[in-house]
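Participant: Take this structure, written in structure tokens, and hold onto it; I'll ask about it next.
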Amino acid sequence: VEQTGIIPAIYPLDLKGATVDDYKQLAQTISENFGKLDSLIHCAATLGQLAPVMNQDPKTWAETLHINLTAAYLLTQACLPLLKQQTSHLIFTTDAHKHTAYWGAYGISKAAIEAFAAQLKDELEAEGKVIVSTIDPGEVRTALYARAYPARNPEHLNLPDDAAHQYIAKLQLETNSPVSVD
């Protein structure tokens with residue numbers, strides 16, 4: 001706020017329970033209050049269950065795919081008209097564990113996010129307005145990491161603020177202009 005004078009907005013949305021209309025309402029609220037959307041960064045995720053496929057709980061599997069993949073699709077679809085109004089960025093967060101045993105729906109959702117991002121990039125490339133990319137932020141000191149690796153000491157890991165700089169750098173690289181975040 002001090003550097004830009006812009007007051008950030010917070011719009012709570014339960015990715016697990018939101019409906020298509022909830023995502024449309026979010027896009028409408030952004031449009032009414034800001035008139036445009038410069039970037040959309042998908043970084044919300046849930047770990048789900050780390051277990052062999054045979055032992056996966058179907059309800060947890062479905063919820064994990066919904067939060068990590070379907071919610072990103074619904075939010076992207078609702079916000080694409082705003083993103084297409086000017087040159088904008090659409091960044092999806094991925095993870096190297098997507099093809100590793102026992103990562104269940106989390107791994108599948110991250111592989112699917114990469115496929116979804118590639119599909120969108122192909123679809124939107126000709127228009128030249130929306131720049132689509134992915135980032136794997138690596139190991140970050142988060143609650144998700146702590147659930148996945150409860151016995152590991154997280155002291156050596158990047159903090160979420162450090163990981164955010166990867167996204168900022170990507171935005172700067174792709175626009176050739178400075179981007180700041182408070």
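The values are calculated or read from the model by the stated rules, or taken from the named source; none is laboratory data. What you see is a predicted model; the values in this text were computed from it and never measured. Glycine also receives a Cβ, built like all others from the backbone with ideal geometry; neighbour counts cover every protein chain displayed. Ligands, DNA and RNA are stripped out before the accessible areas are found, and what is left, the full protein with its side chains, is counted by its heavy atoms. Shrake-Rupley method; radii C 1.70, N 1.55, O 1.52, S 1.80 Å.
Participant: Past the 27 angstrom mark, what percentage of all C-alpha to C-alpha distances in the chain do you count?
Facilitator: Working: 5086 of 16471 pairs.
When all Cα pairs of the chain are counted, 31 percent exceed 27 Å.
Participant: Calculate the FRET efficiency for ALA9 and ASP136 from the Cβ-Cβ distance with a Förster distance of 25 Å, rounded to the nearest 0.05.
Facilitator: Working: r = 28 Å, r/R0 = 1.11.
With a Förster radius of 25 Å, E is 0.35.
Participant: Counting only protein heavy atoms and a 1.4 Å probe, tell me what percentage of the chain's accessible area is made up of carbon and sulfur. Intermediate values should be presented prior to the final figure.
Facilitator: On the way: 5980 of 10740 Å².
Answer for the chain is 56 percent, counting heavy atoms of protein chains only.
Participant: Also: Does the range 92-176 classify as rounded, prolate or oblate by the C-alpha gyration tensor (a ≥ b ≥ c root eigenvalues; a/c under 1.5 gives rounded; else a/b over b/c gives prolate, otherwise oblate)? Write out the running numbers ahead of the final one.
Facilitator: Details: a/c = 4.17, a/b = 1.47, b/c = 2.84.
Oblate, since a/c reaches 1.5 and b/c is not below a/b.
Participant: Points 7 angstrom from Cα along the Cβ direction at THR19 and ARG152: gap in nanometres?
Facilitator: 4.0
Participant: Given LYS84/LYS110; LYS129/LYS170; LYS24/LYS110; LYS24/LYS121; LYS24/LYS129, which pairs have Cα atoms separated by over 18 Å?
Facilitator: On the way: LYS84/LYS110 25 Å; LYS129/LYS170 16 Å; LYS24/LYS110 24 Å; LYS24/LYS121 22 Å; LYS24/LYS129 21 Å.
Where the Cα-Cα span goes over 18 Å, the pairs concerned are LYS84/LYS110; LYS24/LYS110; LYS24/LYS121; LYS24/LYS129.
Participant: Counting only heavy atoms of protein chains, what accessible area per residue, in Å², does the chain have with a probe of 1.4 Å?
Facilitator: Details: 10740 Å² over 182 residues.
Accessible area per residue: 59 Å².
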